[in-house]
1. Which whole-number percentage describes the relative contact order of region 1-130, with Cα contacts under 8 Å and a sequence gap of 6 or more?
2. Please give the FRET efficiency for residue 139 paired with residue 164, using the beta carbon to beta carbon distance and R0 = 22 Å, rounded to the nearest 0.05.
3. Of the candidates 32, 91, 53, which one comes out as most mobile in a Gaussian network treatment of the chain with C-alpha springs shorter than 10 Å?
4. Report the label-to-label distance for residue 72 and residue 177 in nanometres (one decimal), using points 7 Å from each Cα along the Cα→Cβ vector.
5. Taking the inverse of the average 1/r across all pairs of different Cα atoms in region 45-169, what Kirkwood radius in Å do you get?
6. Computed FRET efficiency, Cβ-Cβ of residue 28 and residue 96, R0 25 Å: what is it to the nearest 0.05?
7. Take every DSSP beta bridge whose two residues both sit in the chain, then give the antiparallel share in percent to the nearest 5.
8. Convex hull volume of the Cα atoms in the chain, per residue, in Å³?
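Every read-out reported here was derived from the displayed coordinates using simple, explicitly stated rules and does not represent laboratory data. Just so it is clear, the structure is predicted and the values come from calculations on it, not from any experiment. Positions of Cβ are backbone-derived with ideal geometry, glycine not excepted, and every protein chain shown enters the neighbour counts.
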């Protein structure tokens, strides 16, 4: 999925000659600033909240954040920039720096949901931790296929603070308890899994807790 495919329609923008008063009614954290349809930078609104309304945007260019992604990049590039800069918005431009639109945290989450296929009721999720040197996709795939299941999606990341490699696997089965047991037999560390049985147990636990509360 490309960045241009998850752009938020009608996200507000400023022209470099606009005044601060234009920002007063906005309920966003940052706004792209343009000059002749070219991206100049991203303006965090907290930087200008105390300025006089007649202040022009071009006079505060020192407050601009210089971040953007190309429209034909994978959307995870925008996700990476959000993580690195703590920005809630990433402008999207073409190869000539012409502004195409903006990506927000909400559109990133929706794209991640599509990537992980979390709306698919016929899938289960398993999260494993291991040393990076021990990771082998071929072995994981072989073990999961031995349980008569297939990998729908697999994502990895390295947790720098914990110094551990995290693998998230989505499989085409709603019950993954036997897959979890098999992986544990091969000494894989399972930190979390979600399937229909866990879902039913969560519902039952929440129901029991509610009944207990009502009986007090």
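1. 28 percent
2. Details: r = 18 Å, r/R0 = 0.81.
Using R0 = 22 Å, I get an efficiency of 0.75.
3. 53
4. 5.0 nm
5. Working: mean 1/r = 0.0552 Å⁻¹.
For region 45-169, inverting the mean 1/r across all distinct Cα pairs yields 18.1 Å.
6. Given R0 = 25 Å and the Cβ-Cβ separation, E is 0.45.
7. The antiparallel proportion sits near 90 percent.
8. 200 Å³
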